[in-house]
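> For reference, the structure I am asking about is given below.
The values are calculated or read from the model by the stated rules, or taken from the named source; none is laboratory data. Treat the numbers as computed from the prediction; the structure is a model and nothing was measured. Neighbour counts run over all protein chains shown; Cβ positions are idealised from the backbone, glycine included.
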Amino acid sequence: MTNRIRAFTKFINKPERAAYLFILPAMLIITFFTLIPLAATLGISLLKMDVFLKDADFNGLRHFVRLFKDGKFWNALYNTGFFAIIEVPLQIGFSLIAAVFVSRNTRFRKFIRSTLFLPSVCSLTAIGIMWSFLLDPQTGLYPQFLTEIGLPRLEFLRDPNLAMPSIILMTVWRSFGYTMIILVAAIQNIPESYYEAAQLDGAGKVSQFFRITIPSIIPALSFCVITATIAALQVFDQIFVTTKGGPLDKTETMVTYIYSTGFGTAPYDLGYASAISVALLLVIMVVTLSMNRYFLSKESTDAH
């Protein structure tokens, strides 16, 4: 036993070997909860089977051919893209403005920082339910407020033209606090000497923001943009508990379509749902890699 302990100690004596032991738990979690399910999804996408795993037959690439002819798939892809294109810039914009305002460590700004961050620790499902009550056309607070000031009582989550904008604003309200905290940390790491030198050169606050603050926080900003985009392309919870993809499929996104195809309605086509999941994976990979390449080039340009 002692010899085994000595051999083990000798093996991990080198830092690079010890590092593998520290990352082993994370690698096991990634393997069992990410890599294996991903491989299973790829395999199931080639099969014709239902959610009960009965009568599985090899289907080849027929599911992927079916995607190109599926109008609901293209509608879900369009809605997902629309959500991401509007929600991510709004979230990043509000977060950046708020981060600049609360970056100073005064008691008042620390309190505002905590208040703005609070919604991001709440469940999206709970927030979706709460906003469903607030926006209900019969008993909701906001439709009633519109009536009190002489405006029409809007059906925010039941109107095809208002449902997606309402969900976007709900998501921005919930998520921008987390992004704000990351940007606050990045802004606080900018040396004050940069701003002092800019003031001596006669630069105003706006010029300092665009010439000092933004270039200095590009790494944090790129992280926030990429992670927010990935989350937006996988939007599900708030839509499922508020509109379930309606009205008239105006809020049907890729993930809600995957759920409804594989688990929501008969015939529970798990194979086709897995094919849609693979398509979503490819979309996320292309968008993420493109954005990462852009931000890396931006960082190298600013460094020079």
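> Collect the residues in the range 106-130 that are in contact (Cβ under 8 Å) with a residue 24 or more places away in the chain, farther than 17 Å from PHE176 by Cβ and not hydroxyl-bearing (Ser, Thr, Tyr), keeping them in residue-number order.
ILE129
Yes/no matrix, rows are residues, columns are (1) farther than 28 Å from ILE86 by Cβ; (2) among the charged types (D, E, K, R); (3) loosely packed, with under 15 Cβ neighbours inside 10 Å:
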{"position": "ILE187", "(1), (2), (3)": "no, no, no"}
{"position": "ALA203", "(1), (2), (3)": "yes, no, no"}
{"position": "ILE218", "(1), (2), (3)": "no, no, no"}
{"position": "VAL225", "(1), (2), (3)": "no, no, no"}
{"position": "THR253", "(1), (2), (3)": "no, no, no"}
{"position": "ALA266", "(1), (2), (3)": "yes, no, yes"}
{"position": "SER277", "(1), (2), (3)": "no, no, no"}
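> Still on this model: What are the pairs with Cβ atoms under 7 angstrom where one residue, in the range 133-147, is touching a residue at least 24 places away in the same chain (Cβ under 8 Å) and the other, located anywhere, is assigned to a loop (DSSP other than H, G, I, E, B)? Sequence gap at least six, or different chains.
LEU135/PHE156; LEU135/LEU157
> Let me ask you something else. Consider only pairs whose beta carbons are under 9 Å apart and that are at least six residues apart or on different chains; among these, list those whose first residue lies in the range 191-217 and is farther than 17 Å from SER103 by Cβ and whose second residue is in a helix (DSSP H, G or I) and among the basic types (Lys, Arg).
ALA203/ARG211
> Evaluate the range 202-211: report whether one residue or more is assigned to a helix (DSSP H, G or I), aliphatic (A, V, I, L, M) and over 23 Å from PHE111 (Cβ atoms).
Yes, there is a match, as at least one residue in the range 202-211 is assigned to a helix (DSSP H, G or I), aliphatic (A, V, I, L, M) and over 23 Å from PHE111 (Cβ atoms).
> A follow-up question, please. Could you tell me whether THR179 is in contact with a Ser or Thr (Cβ under 6 Å, 6 or more places away or on another chain), within 22 Å of THR227 (Cα to Cα) and in contact (Cβ under 8 Å) with a residue 40 or more places away in the chain?
The answer is yes for THR179.
> Could you check the range 232-245 and list, in sequence order, the residues that are in contact with a Lys or Arg (Cβ under 9 Å, 6 or more places away or on another chain) and either assigned to a loop (DSSP other than H, G, I, E, B) or under 13 Å from THR80 (Cβ atoms) (or both)?
If the condition is that a residue be in contact with a Lys or Arg (Cβ under 9 Å, 6 or more places away or on another chain) and either assigned to a loop (DSSP other than H, G, I, E, B) or under 13 Å from THR80 (Cβ atoms) (or both), then THR243 is the only one that fits.
> Take the conditions touching a residue at least 40 places away in the same chain (Cβ under 8 Å), assigned to a loop (DSSP other than H, G, I, E, B) and within 24 Å of ALA163 (Cβ to Cβ) and apply them to LEU248. Does it pass?
yes
> If you go through the range 134-167 one residue at a time, how many are under 20 Å from GLY245 (Cβ atoms), touching a Gly at 6+ places or on another chain (Cβ under 9 Å) and in a helix (DSSP H, G or I)?
Residues flagged as under 20 Å from GLY245 (Cβ atoms), touching a Gly at 6+ places or on another chain (Cβ under 9 Å) and in a helix (DSSP H, G or I) within the range 134-167 amount to 2.
> Would you confirm whether any residue within the range 64-83 is surrounded by 16 or more Cβ atoms within 10 Å (Cβ to Cβ), among the acidic types (Asp, Glu) and in contact (Cβ under 8 Å) with a residue 12 or more places away in the chain?
Scanning the range 64-83, I find no residue that is surrounded by 16 or more Cβ atoms within 10 Å (Cβ to Cβ), among the acidic types (Asp, Glu) and in contact (Cβ under 8 Å) with a residue 12 or more places away in the chain, so the answer is no.
> Can you name every one of the helices (runs of 4 or more DSSP H) wholly within the range 1-95 that holds 2 or more residues which are modelled with pLDDT of 90 or more?
Result: 15-30, 36-44, 62-69.
> Looking at the range 154-167, I want the residues that are touching a residue at least 60 places away in the same chain (Cβ under 8 Å) and among the aromatic types (Phe, Trp, Tyr) and have a partner that is part of a helix (DSSP H, G or I) and buried (at least 18 other Cβ atoms within 10 Å of the Cβ) with Cβ atoms under 8 Å, at least 6 apart or on another chain. Which pairs are those?
Matching pairs, first to second residue: none at all.
> With respect to VAL235, determine if the residue is buried (at least 19 other Cβ atoms within 10 Å of the Cβ) and within 20 Å of TRP131 (Cα to Cα).
Yes, satisfied.
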